[in-house]
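Undergrad: Quick one: the structure is below, questions incoming.
Only the coordinates and a few stated rules stand behind these numbers; no lab work does. Computed from a predicted model, the values in this text were never measured in an experiment. Virtual Cβ from ideal backbone geometry, glycine too; neighbours counted across all protein chains shown.
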Amino acid sequence: MADAHLTPEERDSLAAELALGVLDGAARSDALRSLMANPNFSPDMIGAWDRRFAVLYNDYTPVAPPETLWPSIERRIADGLQAHPALRQLRWWRAGAFASAAVAASLALVILLRPTPTVPAAPPAQVAVAQMVGAPDGPMILARYNPASGKLILRPKGVAPDRLAPELWIIPADGRPRSLGLIAGGAESRVAIDPSYRPFMTEGATLAVTMETIDGAPHDAPSSTPIAAGKISLF
């Protein structure tokens with residue numbers, strides 16, 4: 001569950017970890033969700049850490065490990081296992097495991113022959129998050145979607161509308177973008193997702209923003225490459 005009561009230190013720490021890129025998978029999604037639920041959070045906080053770390057990056061030169069590193073580690077692990085007194089116990093354990101597997105297979109056959117009970121459907125996801133980014137030092141947009149209500153909250157940073165306006169797109173598995181309409185460029189905005197498009201707001205689908213003319217919006221297709229894009233993670 002998202003924590004809207006993060007202390008300033010916790011909020012700052014999550015922003016730094018996102019800027020460094022040390023979070024991935026569920027940990028990254030949890031961090032984004034907690035920050036989006038915090039009323040005092042702004043995407044500029046992540047950008048500020050990016051600028052601080054940029055100075056440190058220039059002090060280090062990437063060095064690739066030698067090609068012999070991993071084979072050497074694997075040989076040491078294999079030699080250590082062969083010499084370890086627990087290896088004999090492991091062999092006995094494997095033999096017991098094979099016997100247990102045979103018993104389990106017999107039980108599984110009995111279970112398969114029984115009528116399959118009806119399993120209730122899993123409850124729908126309660127929240128979805130996405131972090132849309134583009135070029136380094138470019139726009140960043142945090143998105144939080146509630147599948148139950150169909151409401152999408154966006155917090156943009158670095159999006160500067162001029163004669164063109166930012167337009168939001170959902171790109172599902174078929175690869176065809178669908179417009180979710182124009183969004184505000186400099187402030188938090190809320191979008192009510194059309195019911196016909198809600199099935200596309202799934203795990204792994206892409207949210208993207210392009211700059212489009214105001215006339216004719218929502219458009220049938222984007223006219224330029226996205227300034228920011230990111231994949232949806234559902235919970």
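Undergrad: Describe numerically, in nm with one decimal, the distance between label points set 7 Å from Cα along Cα→Cβ at residue 184 and at residue 44.
TA: 1.5 nm
Undergrad: Given points 7 Å out from each Cα along the Cα-Cβ axis, report the residue 67 to residue 196 separation in nanometres with one decimal.
TA: 5.7 nm
Undergrad: Over the range 3-50, calculate the relative contact order: mean separation of alpha carbon pairs under 8 Å at least 6 apart, over the residue count, as a percent. Present the calculation step by step, with values, prior to reporting the outcome.
TA: Values: 33 pairs, mean separation 27.7, N = 48.
Relative contact order of the range 3-50: 58 percent.
Undergrad: For the range 142-150, in order, what is each residue's ³J(HN,Hα) by Karplus, 6.51 cos²θ - 1.76 cosθ + 1.60 with θ = phi - 60°, in whole Hz (x at glycine and Pro)?
TA: Coupling constants for the range 142-150: 9, 10, 9, 10, 9, x, 5, 9, x Hz.
Undergrad: Which ³J(HN,Hα) values, rounded to whole Hz and listed in residue order, are derived for the range 164-177 from phi using the Karplus coefficients 6.51, -1.76 and 1.60 in 6.51 cos²θ - 1.76 cosθ + 1.60 with θ = phi - 60°, glycine and proline given as x?
TA: 10, 10, x, 10, 9, 10, 10, 10, x, 5, 6, x, 9, x
Undergrad: Label-point separation (nm) for residue 173 and residue 137, each offset 7 Å from Cα along Cα-to-Cβ?
TA: Spacing of the two 7 Å Cα→Cβ label points: 4.0 nm.
Undergrad: When only C-alpha pairs under 8 Å and at least 6 residues apart count, what is the relative contact order of the range 135-187, in percent? Don't skip to the answer; put the middle values down first.
TA: Values: 68 pairs, mean separation 15.5, N = 53.
The normalised contact order for the range 135-187 reaches 29 percent.
Undergrad: Another question, if that's okay. Which whole-Hz ³J(HN,Hα) couplings does the range 188-194 yield from phi under the Karplus relation 6.51 cos²θ - 1.76 cosθ + 1.60, θ = phi - 60°, glycine and proline marked x?
TA: 4, 10, 10, 10, 8, 6, 4
Undergrad: Further question on the same structure: Cα centroid distance between the range 220-235 and the range 150-183, in Å?
TA: Using only Cα atoms, the two centres lie 7 Å from each other.
Undergrad: How much net charge surrounds residue 138 when only other residues with a Cβ under 14 Å from its Cβ are counted (Lys, Arg +1; Asp, Glu -1)? All intermediate terms of the calculation are to be shown ahead of the outcome.
TA: On the way: positive: 51, 157; negative: 44, 50, 137.
Result for the local shell: -1.
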